[in-house]
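**Q** Quick one: structure below, then a few questions.
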Amino acid sequence: MNTPRPLTAAVSLVLTIALSCAANEEKKSVAETSGGGEVTFHKKPKPLPKDAVTEDWPRFLGSSHNAVSRETRLLKDFPAKGPSLVWEMKTGEGYATPSILGNRLVFFHRVGDEDRIDCLDARNGRRFWTFSYPCRYRDRYGFSGGPRSSPVLDENRVFVHSVEGKLHCLDLQSGNVVWKRDTSSEYKVPQDYFGVVSSPLVEGDLLIVNIGAPGGPCVVAYDKRTGKVVWQTGDQWGPSCASPVPAMVNGKRRVFVFAGGDSRPPTGGLLNIDPAHGKIEYRVPFRSKTYESVNASCPVIVDDRVFLSSSYNTGGLLLDAKTGKDVWCTRDFGAHFMTPIHKDGYLYGIDGSGGNNAALTCIDLRTGKAQWRTQPNFEENVVIQGEQRNVTYGIGIGSLLHVDGRFLCLSEYGHLLWLDLSPSGSRQLARTWLFSANQTWGLPVLSRGLLYINQNTKDTLNQTAPRLLCYDLRAEN
């Protein structure tokens, strides 16, 4: 095994959001599909502490849309071998993270030439149903050909948008199709850099999707129950990798869409949309001038401010959420595809596009000035071709989840860390190594004290295939 090499900017971006799908025939079955889907149960988790606060994780970035979890009473110190593995499932291709509602977990991946949606018992991995359909997507840059967009769970429905633009609404209990659309075909949307990446948003009775059709519409709202188009809006910007985010602004409900992907010249920016009828309240151009780039980090709404961030020599922009006017602009913080997290007047996230150009950073929300930047490194003793060696790792293009008074960090190479982040600096509280596999880009998913992590590539040390892993992160009673 070679020491992991820093990703180049172009390679890093591509990896960030890659996968695909397409089809004519569809099928639902409980049988296993060759190459993925095998579930292994390892160990029953500890009982939940009686006073623990728990919640569902029904969509990308969690129930709060901002990678902040309300869960409490979690394991703060990792055992020598890491947290207990409850169950695992061999997976196919893709970067989509699972979503959880009650005891049902829905995972979207590609197995062979099919897109596959598995509905499992979140507690033990027992399969409830499987739905699949053909997929022919091939990534432009040779990366994974599976889904990037995470499932959205609402009431008794599952919404999935494939890398090829196949939009399905399934019944959560049975896996039966309620309705479906082919957005790429209907709106003649050419394949973007990484296919369809943005996850849909359920807003009231609507399912809002960043379509990015040439000449419009940029955003389409469907009736979530029937799949009929309710409104469509925008005619300038293509699809991005960022997901729509809802917020209350000046007492009114609004949806923020950070658009912009494959276009010449490169264009994109923020749309503030009234979800009642699709009216665009304002638009703010903001996008890297690099052609092969996209807007991938979701907008962060804090009170009456909106923060945007984009990598590749772009930086960050804070706007007045009511008017769209600039508050400040900085080159000190350009998140690649991680959505920054707000805490007590400061933003925390990973600046840069990968490798040596990625640093854990703290930004003062009032001024836009960087409080600090750091690139944590740690050594691991590994066996390479029968010889013990020390290998230095960093966080790379990792992700952060704010929960239980701390930050849980998942590194690009499979390390899990508890961090204490404040305006005065970063302090490592605990660390464990779950697996030796790169492209670990998916945000960890937390529900009822159980942590779900995607191992997106083969473990180079233990040779384990890509897996969805469920760990026990519950504290002792």
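What follows draws every value from the coordinates through simple rules; no lab data is involved. Everything quoted here is computed from the prediction, not taken from an experiment. Glycine also receives a Cβ, built like all others from the backbone with ideal geometry; neighbour counts cover every protein chain displayed.
**Q** Only sites in a loop by DSSP and with at most 13 other Cβ atoms within 10 Å count here; which trypsin sites (Lys or Arg not before Pro) in region 83-150 make the cut?
**A** Here the sparse-neighbourhood loop sites are Arg126, Arg136, Arg138.
**Q** Then there is this: Report, in debye and to the nearest 20, how large the dipole of the chain comes out about its Cα centre when Lys and Arg carry +1 and Asp and Glu carry -1 on their Cβ.
**A** For the chain, the charge dipole is close to 280 debye.
**Q** Step through the residues of region 450-467 one at a time and calculate ³J(HN,Hα) from phi using the Karplus curve (6.51 cos²θ - 1.76 cosθ + 1.60, θ = phi - 60°), rounding each to whole Hz and writing x for Gly and Pro.
**A** Per-residue couplings from phi come out as 10, 10, 10, 9, 8, 9, 7, 9, 5, 5, 6, 9, 9, 6, 6, 6, x, 8 Hz.
**Q** Distance between the C-alpha centers of region 316-351 and region 89-103? Whole Å please.
**A** Computed from Cα coordinates, the inter-centre distance equals 29 Å.
**Q** Next question, about the same structure. Residues in region 269-290 near a label at Thr226, defined as backbone nitrogen under 14 Å from the 7 Å Cα→Cβ point?
**A** Label zone hits: none.
**Q** In nm, what is the difference between 0.36 nm times the number of residues separating Asp303 and Val53 and their Cα-Cα distance? Walk me through the intermediate numbers first.
**A** Details: separation 250, 0.36 × 250 = 90.00 nm, distance 2.46 nm.
So the chain would gain 87.5 nm between Asp303 and Val53.
**Q** With point charges of +1 on the Cβ of Lys and Arg and -1 on the Cβ of Asp and Glu, referenced to the Cα centre of the chain, which listed residue (Val197, Leu443, Pro58) lies farthest in the positive direction of the dipole?
**A** Farthest towards the positive end: Pro58.
**Q** So, one more: Within region 200-272, list the trypsin sites (Lys or Arg not before Pro) lying in a DSSP loop whose Cβ has at most 14 other Cβ atoms in a 10 Å radius. Write down the numbers at each step before the final one.
**A** On the way: sites: Lys224, Arg225, Lys228, Lys252, Arg253, Arg254; in loops: Lys224, Arg225, Lys228.
Answer by residue number: Arg225, Lys228.
**Q** Scan the chain and hand back the longest stretch that contains none of the GluC sites (Glu not before Pro) lying in DSSP loops with at most 16 other Cβ atoms within 10 Å.
**A** Numbers: sites that count: Glu25, Glu26, Glu32, Glu38, Glu55, Glu155, Glu292, Glu476.
Result, exposed sites excluded: 293-475.
**Q** Below 26 Å, Cα to Cα, which lysines can Lys46 reach? Residues fewer than 8 away in the same chain don't count.
**A** Lys46 reaches Lys76, Lys81, Lys90.
**Q** Given the rule -39500 (n - 2.57) for each run of at least 4 DSSP H residues, summed and divided by the residues of the chain, what is its mean residue ellipticity at 222 nm, to the nearest 500 deg cm²/dmol?
**A** -500 deg cm²/dmol
**Q** Could you go through region 173-182 in sequence order and give the Karplus-derived ³J(HN,Hα) for each residue, using 6.51 cos²θ - 1.76 cosθ + 1.60 with θ = phi - 60°, rounded to whole Hz, and x for Gly and Pro?
**A** 7, 10, x, 6, 6, 8, 7, 8, 9, 10
**Q** Oh, and also: Whole-Hz Karplus ³J(HN,Hα) for region 375-383, in order, using 6.51 cos²θ - 1.76 cosθ + 1.60 and θ = phi - 60°, x for Gly and Pro?
**A** Values, residue by residue: 10, x, 10, 8, 9, 10, 8, 10, 9 Hz.
**Q** So, in nm, how far is label Cys329 from label Asn313 when the simple model puts each one 7 Å beyond its Cα toward the Cβ?
**A** Each label point lies 7 Å from its Cα, and together they span 1.5 nm.
**Q** Just report the Cα centroid separation between region 180-238 and region 426-475, whole Å.
**A** First find each Cα centre; the distance between them is then 32 Å.
**Q** By how many nm would the segment from Asp320 to Asn377 lengthen if fully extended, with 0.36 nm per residue of separation less the alpha-carbon distance?
**A** 16.8 nm
**Q** For Lys322, which lysines qualify as cross-link partners when the Cα separation must be under 24 Å and same-chain residues fewer than eight apart are set aside?
**A** Partners found: Lys252, Lys279, Lys343, Lys369.
**Q** Determine the dipole magnitude for region 329-477: charges of +1 sit on the beta-carbon of Lys and Arg, -1 on that of Asp and Glu, nothing else is charged, the reference point is the Cα centre, and the result goes in debye to the nearest 20.
**A** 240 debye
**Q** With a cut-off of at most 10 other beta carbons within 10 Å, and DSSP calling the residue loop, which chymotrypsin sites (Phe, Trp or Tyr not before Pro) in region 118-160 qualify? Please list them.
**A** Here no chymotrypsin sites (Phe, Trp or Tyr not before Pro) fit, given the DSSP loop and packing criteria.
**Q** Relative contact order of region 310-406: what whole-number percent is it, with Cα pairs under 8 angstrom and at least 6 residues apart?
**A** Computed value for region 310-406: 21 percent relative contact order.
**Q** Label region 9-472 by shape, choosing from rounded, prolate and oblate, from the square roots a ≥ b ≥ c of the eigenvalues of the Cα gyration tensor; if a/c is under 1.5 it is rounded, and otherwise prolate applies when a/b is larger than b/c, oblate when it is not.
**A** rounded
**Q** Now a separate question. Compute the relative contact order of the chain as a whole-number percentage, counting only Cα pairs closer than 8 Å that sit 6 or more residues apart in sequence.
**A** 16 percent
**Q** Same structure, new question: What residues have an amide H closer than 5 Å to that of Ala430, excluding those fewer than 5 places away on the same chain, when H is modeled at 1.01 Å from N in the peptide plane?
**A** Amide H neighbours of Ala430: Trp418.
**Q** Same structure again: Going by the alpha-carbon gyration tensor, a ≥ b ≥ c the square roots of its eigenvalues, is region 279-333 rounded (a/c under 1.5) or, if a/c is not under 1.5, prolate (a/b greater than b/c) versus oblate? Before the final figure, lay out each step's value.
**A** Values: a/c = 2.06, a/b = 1.52, b/c = 1.35.
Since a/c reaches 1.5 and a/b is larger than b/c, the shape of region 279-333 is classed as prolate.
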